[in-house]
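Take a look at the structure below.
The values are calculated or read from the model by the stated rules, or taken from the named source; none is laboratory data. Computed from a predicted structure; not experimentally measured. Cβ sites come from the backbone with ideal geometry, for glycine too, and all protein chains shown count toward neighbours.
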Amino acid sequence: MSTFLSLEELRSGNRRTLSKAITLIESTREVDRDPAQKLLSEVMPHTGGSYRIGISGVPGVGKSTFIESLGMLLIARGLKVAVLAVDPSSPFSGGSILGDKTRMDKLSSHSDAFIRPSPTAGSLGGVTQRTRESILLCEAAGYDVILIETVGVGQSEYEVASMTDLFLLLMLPGAGDALQGIKRGILELADVLVVNKSDGDNRARAELAKNEIMQGLHYLQPLHDDISVDVLMCSALNNEGVEEVWDHVSGILEKLKASKRLESKRRKQTLSWVKSLIEQQVLHAFWNIGDVQADYMKAITELRAGKTTPMQAVEEVLKNK
Ligand SMILES: Nc1nc2c(ncn2[C@@H]2O[C@H](COP(=O)(O)OP(=O)(O)OP(=O)(O)O)[C@@H](O)[C@H]2O)c(=O)[nH]1
Ligand SMILES: [Mg+2]
């Protein structure tokens with residue numbers, strides 16, 4: 001597969017080449033492993049030039065609609081936009097991309113945009129791992145802004161926040177509804193909060209949500225002394241307030257960049273990525289040691305039969321490894 005992929009072609013911005021490159025790094029085939037690693041090493045000097053933005057929120061809050069609206073705005077400003085979706089819960093590849101394509105109608109057919117669905121759950125090393133590498137490929141291909149959509153229901157937020165420069169959380173109108181379903185920890189990840197669907201009959205309810213969220217934020221320690229976490233309102237559907245959201249977001253990003261905080265944030269992210277890669281490989285290697293799987297099944301069977309304790313079962317599996 002790699003014979004079709006040259007760094008020059010990728011750098012020239014060919015979208016098909018970028019697609020193929022992502023397919024290569026997502027591949028679980030052993031033969032693709034080395035070419036994928038080689039390609040990633042080659043692109044490294046050409047990465048880091050984009051703004052990486054995580055966009056999250058409960059299902060149906062309007063993430064895809066927001067990305068369509070923001071994406072078209074960015075393109076109008078002369079930027080190239082890549083959209084990556086992370087949905088670890090998706091049982092098959094691109095579970096929601098059919099819906100997304102219709103929500104991102106204009107964006108998906110624009111030559112300055114690139115949209116990629118979530119990798120197949122069960123990819124080696126996990127979905128978010130592949131997304132981190134896809135970001136690098138998109139940067140090498142010349143994309144200026146990379147938007148990463150993730151469903152706001154679990155672990156994926158933490159992982160997306162750990163690979164982006166800024167995390168934007170979309171919220172629903174209505175007091176009580178606003179914080180519903182959002183775990184406190186996820187609120188803490190947000191650099192910017194936006195109440196979407198602030199249109200028509202929802203306007204008053206959006207104000208309520210905004211106030212409630214601001215009160216919730218009151219108890220949180222801000223991430224930076226000089227950058228407050230603000231709550232904005234928009235209607236992604238009607239294209240209202242999205243420009244203000246971008247001005248706010250880009251203001252924060254420019255501030256982080258000018259003060260070198262962006263650089264140090266990314267450096268820390270890379271270090272913890274390396275650490276988690278090592279941990280993953282060690283785990284992978286462990287489960288593939290000769291008798292480990294058989295010993296595990298045996299220990300579990302004995303545990304179920306009440307013949308052993310959990311600690312003894314662990315010892316049995318780890319013995320002589
Ligand atoms: N009134 C109104 N409806 C909106 C707005 N944004 C999105 N919607 C609608 O909300 C529904 C869900 O929008 P999506 O953009 O698919 O939401 P999502 O968060 O991407 O959903 P998942 O990908 O399924 O998690 C659609 O019917 C949209 O038309 C908005 O600003 N105002
Ligand atoms: Mg969506």
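Which pairs do you get when a residue that is within 14 Å of R15 (Cα to Cα) and among the β-branched types (V, I, T), found in segment 100-118, comes within reach of a residue that is more than 14 Å from ligand 1 (Cβ to nearest atom) and modelled with pLDDT of 85 or more, reach meaning Cβ atoms under 8 angstrom, with the pair 6+ apart or on two chains?
Cβ pairs passing all conditions: I115/A82.
Give the residues of segment 21-75 that are acidic (D, E) and away from ligand 1 (no atom under 13 Å from the Cβ), sorted by residue number. Break it down into steps so the answer makes sense when it comes.
Within segment 21-75, the first condition is being acidic (D, E), and the residues that meet it are 26, 30, 32, 34, 42, 68.
Correct list: E26, E30, D32, D34, E42.
Give all pairs with beta carbons closer than 8 Å in which a residue from segment 289-301 that is within 13 Å of K319 (Cβ to Cβ) meets a residue that is part of a loop (DSSP other than H, G, I, E, B) and of a type outside the set (V, I, T); count only pairs at least 6 apart in sequence or on separate chains.
Once the first residue is within 13 Å of K319 (Cβ to Cβ) and sits in segment 289-301, its partners that are part of a loop (DSSP other than H, G, I, E, B) and of a type outside the set (V, I, T) give I289/K321; V292/K321; D295/K319.
Filter segment 150-167 for residues that are of a type in the set (A, V, I, L, M) and under 19 Å from R116 (Cα atoms); which is modelled with the lowest pLDDT?
My answer is V151.
Looking at L136, is it more than 16 Å from ligand 1 (Cβ to nearest atom), outside any loop (DSSP other than H, G, I, E, B), surrounded by 19 or more Cβ atoms within 10 Å (Cβ to Cβ) and modelled with pLDDT of 90 or more?
Yes: the conditions hold for L136.
Working only within segment 289-305, note down all residues that are assigned to a loop (DSSP other than H, G, I, E, B) and modelled with pLDDT of 95 or more. Give the derivation first.
Within segment 289-305, the first condition is being assigned to a loop (DSSP other than H, G, I, E, B), and the residues that meet it are 289-291, 305.
Answer for segment 289-305, where residues must be assigned to a loop (DSSP other than H, G, I, E, B) and modelled with pLDDT of 95 or more: just A305.
Assess whether T128 counts as being under 23 Å from R77 (Cβ atoms), hydroxyl-bearing (S, T, Y) and outside any strand (DSSP E or B). Explain how you work it out, then say what you get.
Numbers: under 23 Å from R77 (Cβ atoms): no; hydroxyl-bearing (S, T, Y): yes; outside any strand (DSSP E or B): yes.
So T128 fails the test.
Kindly check whether there is at least one residue in segment 163-181 that is hydroxyl-bearing (S, T, Y), within 16 Å of ligand 1 (Cβ to nearest atom) and touching a helix residue (DSSP H, G or I) at 6+ places or on another chain (Cβ under 9 Å).
no
Any residue in segment 230-249 that is out of contact with any helix residue (DSSP H, G or I) (no Cβ under 6 Å at 6 or more places or on another chain), surrounded by 11 or more Cβ atoms within 10 Å (Cβ to Cβ) and aliphatic (A, V, I, L, M)?
Yes.
When you look at Q269, is it surrounded by 11 or more Cβ atoms within 10 Å (Cβ to Cβ), more than 30 Å from L179 (Cα to Cα), touching a residue at least 40 places away in the same chain (Cβ under 8 Å) and not hydrophobic (A, V, I, L, M, F, W, C), yes or no?
no
Condition (residue is assigned to a loop (DSSP other than H, G, I, E, B), without any contact (Cβ under 8 Å) to a residue 60 or more places away in the chain and crowded, with 18+ Cβ neighbours inside 10 Å) applied to segment 214-229: is it met by at least one residue?
Step one: filter segment 214-229 for residues assigned to a loop (DSSP other than H, G, I, E, B), giving 219-223, 225-226, 228-229.
Among the residues that remain, those that are also without any contact (Cβ under 8 Å) to a residue 60 or more places away in the chain are: 219-223, 225-226, 228-229.
Okay, now just the ones that are also crowded, with 18+ Cβ neighbours inside 10 Å, so 229.
For segment 214-229, residues assigned to a loop (DSSP other than H, G, I, E, B), without any contact (Cβ under 8 Å) to a residue 60 or more places away in the chain and crowded, with 18+ Cβ neighbours inside 10 Å: present.
Every residue in segment 20-34 that is farther than 11 Å from P119 by Cα and in a helix (DSSP H, G or I), please.
Correct list: K20, A21, L24, E30, V31, D32, R33, D34.
Looking at E207, is it more than 16 Å from ligand 2 (Cβ to nearest atom), surrounded by fewer than 18 Cβ atoms within 10 Å (Cβ to Cβ) and closer than 27 Å to Y51 by Cβ?
So E207 fails the test.
Given the criteria within 21 Å of C234 (Cβ to Cβ), under 19 Å from the mean Cα position of the chain (by Cα) and either modelled with pLDDT of 85 or more or buried (at least 17 other Cβ atoms within 10 Å of the Cβ) (or both), does L70 qualify? Full working, then the answer.
Values: within 21 Å of C234 (Cβ to Cβ): yes; under 19 Å from the mean Cα position of the chain (by Cα): yes; either modelled with pLDDT of 85 or more or buried (at least 17 other Cβ atoms within 10 Å of the Cβ) (or both): yes.
So L70 passes the test.
Scan segment 281-315 for residues that are surrounded by 12 or more Cβ atoms within 10 Å (Cβ to Cβ), of a type outside the set (F, W, Y) and over 24 Å from T28 (Cα atoms) and report the count.
Selection size over segment 281-315: 12.
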